[in-house]
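The values are calculated or read from the model by the stated rules, or taken from the named source; none is laboratory data. In this text, all values refer to a predicted model and were calculated from it rather than measured experimentally. No Cβ is skipped: glycine too gets one built from the backbone with ideal geometry, and neighbour counts run over all protein chains shown. Please note that ligands, DNA and RNA were not included when accessible areas were found on the heavy atoms of the full protein model with its side chains. Shrake-Rupley method; radii C 1.70, N 1.55, O 1.52, S 1.80 Å.
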Amino acid sequence: MGAYYAVKIGKNPGIYLNWEDCKNQVHGFPGAIYKKWKTREEAEQYLRGGSEIPLSPSVSFSISKTSSCSDKNAELLSILSGEKQVPEEEQAECLLRKFNTDALAFVDGSFQKEPGVYGYGVVLIEKNGILSKHRGSGSDDAFLEMRNVSGEILGAMRAVELTLEKGLSSLTIFHDYRGISAWAKEEWKCNKEKTREYRDYMKTAEKKIRLEFFKVPAHSGIYFNEMADGLAKEAVGIKN
């Protein structure tokens, strides 16, 4: 009985009738997402679903010429830690001014053991005042063993991809798992295939954009980080 291999993200996305052809499209491709199906109809439906779950349209806010926020670290940390109740727009503005970047991205990952799926959430904030939310999932065996860390990795890569697509020149990635910066900066050894692919992807990206990383504490009430966490959970079917 034949099989249908649907490649969502790979060198050439599409449906392949044998593993070798599928493997040629996904092997060595960072963040490849694919799945085996019994029928062409199932494979086509899987591809139509997209690699990223559609969300509501982006929202925008105004960046004023003068800001009430402070550039002092103490003020920034009070905003990030949730100690100070600050409107969403002002939080975004303060962060953009503090980090002097074209875009900010809060990324997080999640995992569901059954049916075996990892997911990511990304909140992207651009200096022009556009805030967009993104989420996606996958079930690649090579990623599954890393559980929610796989989602963290794919979220960071998706943030970079979005920044490049929009023609922006710099990005600051906020993350709560240290490996996101440690692997990219080669502070940690990349012992797994997917961490090596991630490191190489980020090194290539740094030739095109300026990348910075900022670690935040997990599950500590940081507004945009909690938003990314919620998106990642939704991507794998966890109800908040």
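Restricted to Cα positions, what overall size does segment 173-240 have along the principal axes? Three whole-Å values, descending.
Projected onto the principal axes, the Cα atoms of segment 173-240 cover 36, 23, 21 Å.
Highest mean first, what order results for 152-159, 231-238 on Cβ atoms within 10 Å?
Result, highest mean first: 152-159, 231-238.
Can you bin segment 4-48 into rounded, prolate or oblate? Criterion: square roots of the alpha carbon gyration tensor eigenvalues sorted a ≥ b ≥ c, rounded for a/c under 1.5, prolate for a/b above b/c, oblate for the rest.
oblate
Name all residues of segment 144-180 having a backbone nitrogen under 15 Å from the label point set 7 Å from the Cα of residue 215 along its Cα→Cβ direction, giving them as ranges.
Label zone hits: 173-180.
Among 39, 163, what's the order by accessible area (1.4 angstrom probe), most exposed first?
Final ranking, largest accessible area leading: 39, 163.
How far apart, in nm, are the 7 Å Cα→Cβ label points at residue 27 and residue 42?
Computed distance between label sites residue 27 and residue 42 equals 2.5 nm.
Assuming R0 = 30 Å, can you tell me the calculated FRET efficiency for the pair residue 189 and residue 18, based on Cβ-Cβ distance, to the nearest 0.05?
Once the sixth-power term is evaluated, E becomes 0.30.
Given charges of +1 on the Cβ of Lys and Arg and -1 on the Cβ of Asp and Glu, with all other atoms neutral, how large is the dipole of segment 100-240 about its Cα centre, in debye to the nearest 20?
Value, rounded to 20: 180 debye.
Heads up, I need the accessible area for residue 188: 1.4 angstrom probe, whole protein in place, Å², nearest 10.
Only protein atoms counted, so the area is about 80 Å².
Subtracting the Cα-Cα distance from 0.36 nm times the residue separation, let me have the gained length for residue 141 to residue 164 in nm, one decimal.
Value of the extension gain: 5.5 nm.
In whole angstrom, and with the biggest value first, how far do the Cα coordinates of segment 116-240 range along each principal axis?
Principal extents (Cα only, largest first): 36, 34, 26 Å.
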